[in-house]
Amino acid sequence: MSRHLPVTAETANPAQRAVHDAIKNGPRGNIRGPFPVLLHSPGMADQVQKLGAYIRFESKMPDKLRELAVLVTSRFWHAEFEWFAHAPLAEKFGIAKDAIETIRTGGRPRFTDRVEQTVYDFMRDLHEKHNVSDATWRAAQELLGQEVVTDMLGMAGYYTLLAMVLNAYEVPLPDGSKPFPD
């Protein structure tokens, strides 16, 4: 039995259809990735999409840094669909191609930009150690400020949730996508 059981506009009940339409008509403009399966729980799907809309489109975290943080999170969780969706955005917003590839293959890139390095280190600490070192915390506070650090923590939790949904439902990668190496 396939785990990938998407809810579509045609199969949705009225509650699912309302959330489906809210997502489609919102800033994302489409229903893909974790959302077709999250619609099995329309109440949760609605709350998740609202949090995601804040994180992606309203947060004070600069686009470039948000996408770097998403890549570190998606790589940690082996969430290949999330990687597929966000690696092009990271490059578009200015993360170096070689850094993106190094993260994809499980390496540790070295950034010349102190802010990028701090975001990378913060996210790695958070995922690998389940906390953040004092030095990295101080650097993040100094370089990003309290509001952005708090948004970054929420973003880590949000993309961890999406990674778990994507992985558990085995949401397939689009054809031609480059998966993580084993």
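Numbers at a glance
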| item | result |
| --- | --- |
| So V72, is it closer than 17 Å to V165 by Cβ and of a type in the set (A, V, I, L, M) | no |
| Flag for A168 being in contact with a Ser or Thr (Cβ under 8 Å, 6 or more places away or on another chain), aliphatic (A, V, I, L, M) and under 18 Å from T73 (Cα atoms) | no |
| Qualifying residue in region 26-37 (condition: within 24 Å of L144 (Cβ to Cβ), in contact with a helix residue (DSSP H, G or I) (Cβ under 6 Å, 6 or more places away or on another chain), not hydrophobic (A, V, I, L, M, F, W, C) and not assigned by TED's automatic domain parsing to the domain that holds G154) | yes |
| Region 1-35, subset of a type in the set (A, V, I, L, M, F, W, C) and either within 20 Å of Y159 (Cβ to Cβ) or not in a loop (DSSP other than H, G, I, E, B) (or both), residue farthest from the chain's Cα centre (by Cα) | A15 |
| Meets criteria (hydrophobic (A, V, I, L, M, F, W, C), surrounded by fewer than 17 Cβ atoms within 10 Å (Cβ to Cβ), touching a Pro at 6+ places or on another chain (Cβ under 7 Å) and not assigned by TED's automatic domain parsing to the domain that holds M123) for A53 | yes |
| Number of the exception - G43 against (1) more than 26 Å from D63 (Cβ to Cβ); (2) crowded, with 20+ Cβ neighbours inside 10 Å | (2) |
| Selected residue (criterion: farthest from the chain's Cα centre (by Cα)) from residues of region 123-174 that are among the β-branched types (V, I, T) and at pLDDT 95 or above | T136 |
| Residue match in region 153-163 (condition: more than 16 Å from A69 (Cα to Cα) and aliphatic (A, V, I, L, M)) | no |
| Failed condition for R75, given (1) charged (D, E, K, R); (2) closer than 21 Å to E116 by Cα; (3) assigned by TED's automatic domain parsing to the domain that holds I23 | (3) |
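The values are calculated or read from the model by the stated rules, or taken from the named source; none is laboratory data. Just so you know, these numbers come straight off a predicted model, no measurement behind them. Cβ coordinates were reconstructed from backbone atoms using ideal geometry, including for glycine residues, and neighbour counts include every protein chain displayed.
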